[in-house]
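Following: one structure in structure tokens, then a few remarks.
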Amino acid sequence: MKTSIVFAVLSLTAVGCAARPPAPVAAPEAAAPAVEVAAPQEAPAPTPSPVTAEAEPALLDIPTTCTSSGDYCLPDGEFVKRLCTATYPDVALSLFAKDKPFSRMYLRGDVEAWNASGGRTHKMRLAFDEEVLVLRRRSPEGKGGIMMVGASATYDVLRWDGSCVSVMEGEITKAKPPAAKRPTIPWSRLEERTKDALLASPRIKAMQARMTKECAQPGPKAQAACERADAAFTAAIADFVRTSGGLPTPSRRP
């Protein structure tokens, strides 16, 4: 009897286990389709706006004729206007040359003159008997042609160092002194072509060697000797320009 019961229980257990369905197996997930991502495109560079460059004024020729038939032979007015905006030592040598007809004047005494070469205005000291070249004359008349009481004409003049200054009419004269003076010609500022042409003169070359030697010495006495040698060097250049000329046309000019 007990054996039959046990057998029956085992039979039911076996039937129950056989009737349980197998656990479902999850199907593999399908791979998600690849999505292509477009690379970001750089924005085109902005086209720069065209910039119109201001044309530089053309260089003017060195004047060779007068623009006035009055008491003075003056260079062209436009040339003078541009010349006095800066300092042009090479141009000064060209204008003082023997083949140029422009009027020379001489200082009647030591003069404090206004610098007319553009930039910040300041006074310069001119020496008695200094030679200058007349650039333009300004009438003493006021507005409406009325003559101002006590007023006199003024002149813009060119010095040997290339600077423009303004002087009063009573401060200059046409009377040439026995030995005209001049400021130091700035050798270091001259163009190389100008220097080469000047050094072709044996006298100028000798004066330069003397100046170099004297100015290399130390001491107060050497300083005085240096100044004398510099003055002799400037005088040699001025004499060459007045008698020989033949300098190349400056590339730096108004």
Among (1) closer than 23 Å to Pro248 by Cα; (2) of a type outside the set (Val, Ile, Thr); (3) modelled with pLDDT of 90 or more, the one test that Ala58 misses: (3)
Members of the stretch 216-251 found to be free of Cβ contacts under 8 Å to residues at least 40 places away in the same chain, under 25 Å from Arg193 (Cβ atoms) and loosely packed, with under 15 Cβ neighbours inside 10 Å, listed by number: Asp239
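Please pick out the residue among Val134, Val91 that is on the phi < 0 side of the Ramachandran plot, at pLDDT 90 or above, β-branched (Val, Ile, Thr) and assigned to a strand (DSSP E or B).
Being on the phi < 0 side of the Ramachandran plot, at pLDDT 90 or above, β-branched (Val, Ile, Thr) and assigned to a strand (DSSP E or B) holds for just one of Val134, Val91, which is Val134.
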Unmet criterion (only one of (1) assigned to a loop (DSSP other than H, G, I, E, B); (2) aliphatic (A, V, I, L, M); (3) at pLDDT 95 or above) for Ala179: (3)
Hits in the stretch 200-212 (condition: in contact (Cβ under 8 Å) with a residue 12 or more places away in the chain and not hydrophobic (A, V, I, L, M, F, W, C)): Ser201, Arg203, Gln208, Arg210
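Evaluate the following for Gly170: is it in contact (Cβ under 8 Å) with a residue 60 or more places away in the chain, more than 19 Å from Leu135 (Cβ to Cβ) and not aromatic (Phe, Trp, Tyr)? First the steps, then the outcome.
Working: in contact (Cβ under 8 Å) with a residue 60 or more places away in the chain: yes; more than 19 Å from Leu135 (Cβ to Cβ): no; not aromatic (Phe, Trp, Tyr): yes.
It is false that Gly170 is in contact (Cβ under 8 Å) with a residue 60 or more places away in the chain, more than 19 Å from Leu135 (Cβ to Cβ) and not aromatic (Phe, Trp, Tyr).
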Qualifying position, being of a type in the set (Ser, Thr, Tyr), at pLDDT below 95 and not in a loop (DSSP other than H, G, I, E, B), among Ser166, Ser152, Ser117: Ser166
Answer residue from the stretch 184-202, given it is within 23 Å of the chain's Cα centre (by Cα) and charged (D, E, K, R) and is surrounded by the fewest Cβ atoms within 10 Å (Cβ to Cβ) among those: Glu192
When residues of the stretch 226-254 are limited to those that are of a type in the set (D, E, K, R), outside any loop (DSSP other than H, G, I, E, B) and more than 12 Å from Ser201 (Cβ to Cβ), the one farthest from the chain's Cα centre (by Cα): Arg228
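Looking at Ile146, Ile185, Ile204 in this structure, which one is at pLDDT below 95 and either in contact with a Ser or Thr (Cβ under 6 Å, 6 or more places away or on another chain) or over 24 Å from Leu74 (Cβ atoms) (or both)? Steps first, please.
Values: Ile185 fails: at pLDDT below 95; Ile204 fails: at pLDDT below 95.
The match here is Ile146.
The values are calculated or read from the model by the stated rules, or taken from the named source; none is laboratory data. Note that this is a predicted model, so its numbers are computed, not measured. Ideal geometry is used to build each Cβ from the backbone, glycine not excepted, and the neighbour counts take in all protein chains shown.
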